[in-house]
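Novice: Below are the structure tokens for one structure; questions will follow.
The values are calculated or read from the model by the stated rules, or taken from the named source; none is laboratory data. Quick caveat, the model's predicted, so the values are computed rather than measured. A quick note on method: Cβ atoms are made from the backbone with ideal geometry, for glycine too, and the neighbour counts reach across all protein chains shown.
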């Protein structure tokens, strides 16, 4: 399938050139999403030279340089950034059109569990995209701590779990993306300097709590838990009020909070890794996982 993108106000040679080939667009988006020509080649079942050739052809068709490359990395040019946004919409429309023409909209019920940070920051956009593709599928959601949700899944009560870990997971976990963990505190208040560091944390078991305690122990920094809540909103409220410091993934940051740095005596934290855990694969869960993976990659340019 090809799309011709023309402007009625522009009669230049570029505007009247060859149509945009979705194969080339898909390769370009995969390069950007994966952050690597080699990884894009692996995901697309192509050779690295074929991936490079697709990019060259797309740059010839568009008449623009799409990626600014150095010896170790690349960045989107302004033209590349524009084409990425349009290309994502074009491929989404293509996928939707094919599904409609085949009458292949997925049906069925999917029982999912999600950690609160995933549910609050990521799930809305994931479900929005999923709903556009598969309006006849039904989703049931349970929000909780990852370890608890995985136990529910093992009992057969959940089909799919979106959760977080701070270490690599072997086996059934599919890594979607990773992002920094950060210490946060009230934006307009000074950090307490006397006595143990006041912490707001989730109840055990919690990978954020474990990571914070381990990091502080290694740094020989004294601490005490002054606020405990099973709700992310509760911990964030405690931090905004200047009552305690809490630990969140970078995507959870919002107004009224500031990130604490090493200059303030806070040790470095590990990355938070977001995974999809599937009990039994099916087309509905596969589609939702793909929507989640795309959302994370778009945010962090993975």
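Novice: Does residue 27 satisfy the criteria of being at pLDDT 85 or above and within 16 Å of residue 90 (Cα to Cα)? Walk me through how you get there before you give the answer.
Specialist: Working: at pLDDT 85 or above: yes; within 16 Å of residue 90 (Cα to Cα): yes.
In short, yes.
Novice: Can you find, within the stretch 123-146, the residue that is nearest to residue 90 (Cα to Cα) among those that are part of a helix (DSSP H, G or I), touching a strand residue (DSSP E or B) at 6+ places or on another chain (Cβ under 8 Å) and modelled with pLDDT of 75 or more?
Specialist: 127
Novice: Residues that are in the same structural domain as residue 143 (by TED's automatic domain parsing), under 25 Å from the mean Cα position of the chain (by Cα) and not in a loop (DSSP other than H, G, I, E, B): does the stretch 164-171 have at least one?
Specialist: Within the stretch 164-171 (the criterion being in the same structural domain as residue 143 (by TED's automatic domain parsing), under 25 Å from the mean Cα position of the chain (by Cα) and not in a loop (DSSP other than H, G, I, E, B)), the answer is yes, since at least one residue qualifies.
Novice: Given 292, 244, 212, 287, which one is surrounded by 15 or more Cβ atoms within 10 Å (Cβ to Cβ), modelled with pLDDT of 85 or more and over 17 Å from residue 180 (Cα atoms)?
Specialist: When all the criteria are applied, what remains is 244.
Novice: Same structure, new question: Pull up the stretch 30-73, narrow it to residues that are part of a strand (DSSP E or B) and at pLDDT 85 or above, then point me to the one that is farthest from residue 293 (Cα to Cα). Lay out the reasoning, then the answer.
Specialist: First, pick out the residues of the stretch 30-73 that are part of a strand (DSSP E or B): 67-69.
Still in the running and at pLDDT 85 or above: 67-68.
On the way: 67: 22, 68: 25 Å.
Within the stretch 30-73, the match that is farthest from residue 293 (Cα to Cα) is 68.
Okay, residues lined up against (1) over 16 Å from residue 163 (Cα atoms); (2) assigned to a helix (DSSP H, G or I); (3) under 27 Å from the mean Cα position of the chain (by Cα):
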position: 198; (1), (2), (3): yes, no, no
position: 204; (1), (2), (3): no, no, yes
position: 213; (1), (2), (3): yes, yes, yes
position: 217; (1), (2), (3): yes, yes, no
position: 220; (1), (2), (3): yes, no, no
position: 224; (1), (2), (3): yes, no, no
position: 230; (1), (2), (3): no, no, yes
position: 238; (1), (2), (3): yes, yes, yes
position: 242; (1), (2), (3): yes, no, no
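Novice: May I pose another question? Name the residue that is farthest from residue 118 (Cα to Cα), counting only residues in the stretch 224-235 that are crowded, with 17+ Cβ neighbours inside 10 Å and touching a helix residue (DSSP H, G or I) at 6+ places or on another chain (Cβ under 7 Å).
Specialist: Selected residue: 227.
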